[in-house]
Structures are given as C-alpha cells and as structure tokens.
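Below: the structure, in structure tokens.
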Amino acid sequence: MPKVAARVAIVTGAGSGIGRAVSAALMAEGWNVALAGRREAELAATAALGEGAPCQVHATDISDESSVDALFAATKARFGRLDLLFNNAGTGAPATALEDHSLEHWKRVVDVNLTGAFLCTRAAFRLMKDQDPRGGRIINNGSISAHAPRPRSIAYTATKHAITGLTRSTSLDGRAYDIACGQIDIGNAATDMTRQIARGVPQADGTLKPEPVMDVKAVADAVLYMAGLPLGANVQFMTVMATQMPFVGRG
C-alpha cells in the first residue's frame, strides 16, 4: 500500500490548557503540529509531550498580521502543506461592570479573539486553496459564551458570538475550495486557566458559586473526532461541557 503522508496542523494558544491538550492528542495520532503561542518556553513544554513527534514551535502574536503570516510561511516551508487549523488562542478582560469597561481592554480582547482568528483563517485559506491536494479544515474554539454570557464579560462574550459568524462565513466561502469549517463550544474544561470555576464564579443572580468541571481530555477527543473526518463531512457546531454546569435550563 502507498504510504500516507502525515497530516499537518497549526494550533494557536498551544502553550497551555486546551491548546496544549489538543496539540498533544494530535501528535499522539501522528499529526505534524506547528505550535503557536506567545510564550516560547511553554510551547517547548508542549512539544516535549510529543516525545519526538515532528512539530515546530512558533512564538506568535496572532493579533499581529506579520506575525501570523510568518507562522504560516514557516509551516509551509517545514511541512509543505496545512490540513488543519485549530483557532484556539483567546483572552479575556477583568470582570467589570459594563459601564466601567475600558476601551483598552475591549480592544485587546477583540484583537486577540476575533481579529486573530480572522488573520489565521485568512492565512489558512490562502495556503489550503492552492495546495495539492487542495483543501483542509478549520476548527474554531467558540465557547459556551458564544451562546450565553457570564456576568460582566461583555468583551469576551461579544467576540465569542462573533466567532460563530466567522465560522458560518468561513464554512460558506470554503465550499469552493474544499475547506471545511466547524466550531467547538467548550464549557468548564479543567485547566490551569479555569481553576477559579471550581472555587466559585459569579452567577446571573449575583451569587458566587463553584461549578462542575470536566477533564480537558474530553475536549481533545472531540477535536480529534472533528479533525479526523473526511473533507466531505463536517461537524458544523459541537458543544462539549461539564454535564452539570449551569447552562441548559435555568441553571
């Protein structure tokens, strides 16, 4: 049988949390992975989880156009193509009353969560539509906040709702080039970044309560499933959440 070339992925925000878990899962499944994020030392720690699997570390600011273009150019130079982009990197702002939310924090969240995802999507399109074989898959990390906000989170919530629009538009425009796009909305995955959830987070009624969390492996497994589909099939939207977290119903 002819040897099947290894598939190539770019994961943003690969230095911690969900990005690290997904990167490790992809490497374990034989993917070549370009690990992108702000902190090179943390990316190197993620790379070490691959135990020698082909990967490449890229210190990247996804809110900067030239930094994103350099990431995709380096990935093409090293691996020759791109089969998967996981738009995972994101940031939040301090929980603040809407009327006190600073423009500085608003712009930073928009620059990373929305503009960054757009810049990476655009670069992926340019690469995927011209490679041979043509096409690829883009998976956007949406969040439960793409459906329902937490209190005092206007910037984060607005950008995650916007990611849903980005996903739909990308999915539509990608049809002509065999580029599939889907979105995974994640609720309360247990990572270093979400430790506060188990200790107590603001609720809609003004109280502070701990919420259930789930193993981040469930997220990695879900992304692997989405990534492993043939390009003729697509998970448009998937929600993966801690079963008993206050989301469905009245909380």
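The values are calculated or read from the model by the stated rules, or taken from the named source; none is laboratory data. Given the structure is predicted, the values throughout are model-derived calculations rather than measurements. FYI the Cβ positions are ideal-geometry reconstructions off the backbone, even for glycines, and counts take in every protein chain you see.
Can you find even one residue in segment 171-193 that is within 14 Å of the chain's Cα centre (by Cα), in a helix (DSSP H, G or I), on the phi < 0 side of the Ramachandran plot and β-branched (Val, Ile, Thr)? There is no residue in segment 171-193 that is within 14 Å of the chain's Cα centre (by Cα), in a helix (DSSP H, G or I), on the phi < 0 side of the Ramachandran plot and β-branched (Val, Ile, Thr). Taken together, the residues in segment 69-100 that are more than 23 Å from residue 24 (Cβ to Cβ), out of contact with any Ser or Thr (no Cβ under 7 Å at 6 or more places or on another chain) and aliphatic (A, V, I, L, M) amount to 6. Flag set for residue 227, criterion: modelled with pLDDT of 95 or more and surrounded by 16 or more Cβ atoms within 10 Å (Cβ to Cβ).
Look at segment 101-113: where a residue is closer than 12 Å to residue 163 by Cα and a partner is modelled with pLDDT under 95 and β-branched (Val, Ile, Thr), sitting 6+ places away or on another chain with Cβ atoms under 6 Å, you get 112/91. Here the helices (runs of 4 or more DSSP H) wholly within segment 1-86 that include at least 2 residues being more than 21 Å from residue 218 (Cα to Cα) and of a type in the set (S, T, N, Q) are 65-79. Selection over segment 50-86 of residues that are surrounded by fewer than 23 Cβ atoms within 10 Å (Cβ to Cβ), out of contact with any strand residue (DSSP E or B) (no Cβ under 8 Å at 6 or more places or on another chain) and not polar (S, T, N, Q) gives a count of 9. Inspect segment 127-142 for any residue being within 20 Å of residue 62 (Cα to Cα) and in a helix (DSSP H, G or I) and give the result as yes or no. Yes, segment 127-142 has at least one match.
Of the numbered criteria (1) assigned to a helix (DSSP H, G or I); (2) exposed (fewer than 15 other Cβ atoms within 10 Å of the Cβ); (3) not acidic (Asp, Glu), the one residue 219 fails is (2). Taking the criterion of being touching a Leu at 6+ places or on another chain (Cβ under 8 Å), surrounded by 12 or more Cβ atoms within 10 Å (Cβ to Cβ) and in a loop (DSSP other than H, G, I, E, B), would at least one residue in segment 238-248 satisfy it? Looking for residues that are touching a Leu at 6+ places or on another chain (Cβ under 8 Å), surrounded by 12 or more Cβ atoms within 10 Å (Cβ to Cβ) and in a loop (DSSP other than H, G, I, E, B), one finds none in segment 238-248, hence no. Considered as a group, the residues in segment 128-170 that are surrounded by 19 or more Cβ atoms within 10 Å (Cβ to Cβ) and more than 30 Å from residue 104 (Cα to Cα) include one that is nearest to the chain's Cα centre (by Cα), and that residue is 137. Condition check for residue 98 on (1) touching a helix residue (DSSP H, G or I) at 6+ places or on another chain (Cβ under 9 Å); (2) in contact (Cβ under 8 Å) with a residue 60 or more places away in the chain; (3) surrounded by fewer than 18 Cβ atoms within 10 Å (Cβ to Cβ): one failure, at (2). Of all residues in segment 178-194, those being over 15 Å from residue 245 (Cβ atoms), out of contact with any strand residue (DSSP E or B) (no Cβ under 9 Å at 6 or more places or on another chain) and not acidic (Asp, Glu) number 1. Against the list (1) more than 22 Å from residue 229 (Cα to Cα); (2) surrounded by 15 or more Cβ atoms within 10 Å (Cβ to Cβ); (3) touching a Leu at 6+ places or on another chain (Cβ under 9 Å), the condition residue 44 fails is (2).
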